[in-house]
Amino acid sequence: MIGAWRTLATLGGPLLSLWLRRRVAQGKEDPARLAERKGIASVPRPAGPVAWFHGASNGEALSLLPLVEHYQAQGVTCLVTTGTLTSARLMARRLPRGAIHQFVPLDRPAWARRFLDHWRPALAVFVESELWPTLLLEAKGRGVRLALLNARMSVRSHRGWQRAPGLARRLLSSFDAVLAQGEGDATRLRDLGAVRVALAPNLKLAASPLPFEAGALDQLTREIGRRPVWLAASTHPGEELRIAAVHQALLPRFPDLLTIVVPRHPGRGDALAAALAEVLGGPVARRARGDALPVPAGLYLADTLGELGLFYRAVRLVLMGGTLVPVGGHNPLEPAILGCAVMAGPYMANFGGTVDLMGEALLRVADDAALQARLAGLLADAGAVAAAGTLARQKAEGAAQGVLDAALAALDPLLAAGPAA
């Protein structure tokens, strides 16, 4: 199957190029950096050792930042690859000085070799389940030490890989270290051929607090003032209109209520604002247009990218998006580490371990009625919000203990060992 994959990818070069051009036209690729997707580096390789970290998109890339910061401080150049425009923009703001971002090349042999010829990494670290056969095996063939962190293998994925046991074994046995998220993941990974598997806490537990701009925080805090306010963070389709309805239902009790909605994908801003205007009976203030917060009450659509760190510091009562609909949620530790009281709906499958760690510090709501009731109680009791935020911060800080050390204990020996024979 490896040979068939390589042949197909080689012969499909023109089609892959056409696909990339189509993605440029759709706004899904950066035309100025399209060559990176073919393994052509856009910056020179610095002297000295290079550690390559790959995360498919935002969450995976962010989980790598503590490791990148550590190794940059040790004099190791860190190359971070991702596959999406939003993750590239995020890395441009978040990577420490000296670290390099590139788009990951498509898994075509010539492009993978070109990428590896240029960067010559000593260590390659992949996150979760991002396994590209050509890149992985080309790196292995060059003696690059390989690690898979936050490794996941769901029952469904395990069943799928069992249909290609030879491919699974060859790929997974290539890793010099596999740190699995849970016992079930570890068992399924071993069954498919991984041979150096250990359990380790999820890297996302050790993520640094999200960044913010002090001036923007001062302005936002002044505009909010002393009125009741809550934040719905990283929302998805099917949630925003329900949140607007909850806002409307709370207005008789809290006539100056401010509800701030931060959609997971800001590109939905135009359509979302129009839909919300129908529910609310009037135009919606939007951050992307530079609108001021609504006065005295209203819903504010924060349809910009990368400002959750700002809103988590300005608003201490947060609902995690993706939990009222079956998306699986987003990381509740991001607001918790900043002392926010954190609410979540019934759908938190993506963060089951984190839910267990936070325990009673994560305020669960079963449905819209429960959300409305919980909000009514908290908006009327600032002390309860502060207490819930303190407990959430304590849980988040406790969860972060040892996470980075566990990852470094696996990676440091690989980096020190140098290329495999």
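The values are calculated or read from the model by the stated rules, or taken from the named source; none is laboratory data. Every value quoted in this text rests on a predicted model; they were computed, and no experiment measured them. When we count neighbours, we look across all protein chains shown, and the Cβ atoms used for this are built from the backbone with ideal geometry, even at glycine.
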The residue that is farthest from H158 (Cα to Cα), considering only those in the range 190-229 that are at pLDDT 95 or above and among the acidic types (D, E), is E223
Taking the range 344-383 and keeping only residues that are over 20 Å from G322 (Cβ atoms), in a helix (DSSP H, G or I) and without any contact (Cβ under 8 Å) to a residue 12 or more places away in the chain, one is left with A373, G377, A382, G383
Those residues of the range 84-96 that are surrounded by 20 or more Cβ atoms within 10 Å (Cβ to Cβ), in contact with a strand residue (DSSP E or B) (Cβ under 7 Å, 6 or more places away or on another chain) and free of Cβ contacts under 8 Å to residues at least 40 places away in the same chain come to a total of 1
Of the listed residues (A388, A396), the one being aliphatic (A, V, I, L, M), under 20 Å from the mean Cα position of the chain (by Cα) and buried (at least 18 other Cβ atoms within 10 Å of the Cβ) is A396
Among residues of the range 332-369 being among the acidic types (D, E) and at pLDDT 95 or above, the residue surrounded by the most Cβ atoms within 10 Å (Cβ to Cβ) is D368
Subset of the range 114-161, residues of a type in the set (D, E, K, R) and buried (at least 24 other Cβ atoms within 10 Å of the Cβ), comes to R145
Filtering the range 324-350 down to residues that are among the polar types (S, T, N, Q) and touching a His at 6+ places or on another chain (Cβ under 8 Å) yields N350
Problem set entry | Flag for A92 being modelled with pLDDT under 95, out of contact with any Leu (no Cβ under 9 Å at 6 or more places or on another chain) and of a type in the set (G, A, S) | yes
Taking the range 187-210 and keeping residues among the basic types (K, R), farther than 16 Å from G353 by Cα and assigned to a helix (DSSP H, G or I) leaves R188, R190
Cβ pairs under 7 Å, 6+ apart or interchain, first in the range 404-421 and on the phi > 0 side of the Ramachandran plot, second surrounded by 12 or more Cβ atoms within 10 Å (Cβ to Cβ), ordered by first then second residue, are G418/A122
| request: Answer yes or no: is there a residue in the range 75-96 that is among the basic types (K, R), over 15 Å from R120 (Cα atoms) and not in a helix (DSSP H, G or I). | output: no
How many residues of the range 284-306 are at pLDDT below 95 and within 22 Å of G59 (Cβ to Cβ)? The answer is 2
If you go through A99, A122, A112, the only one that is out of contact with any strand residue (DSSP E or B) (no Cβ under 9 Å at 6 or more places or on another chain) and either under 26 Å from L179 (Cβ atoms) or among the β-branched types (V, I, T) (or both) is A112
Of the conditions (1) in contact with a strand residue (DSSP E or B) (Cβ under 8 Å, 6 or more places away or on another chain); (2) more than 18 Å from A409 (Cβ to Cβ); (3) at pLDDT below 95, the single one that G184 does not satisfy is (1)
Of those in the range 1-56 that are part of a loop (DSSP other than H, G, I, E, B) and not assigned by TED's automatic domain parsing to the domain that holds L148, the residue farthest from R89 (Cα to Cα) is M1
Among A9, A47, A51, the single one that is in contact with a Cys (Cβ under 8 Å, 6 or more places away or on another chain) and either hydrophobic (A, V, I, L, M, F, W, C) or without any contact (Cβ under 8 Å) to a residue 24 or more places away in the chain (or both) is A51
Residue hits (the range 319-331; closer than 18 Å to E307 by Cβ and modelled with pLDDT of 95 or more) are L319, M320, G321, G322
Residues of the range 198-246 being over 27 Å from L272 (Cα atoms) and small (G, A, S), in sequence order, are A198, A200, A206, A207, S208, A214, G215
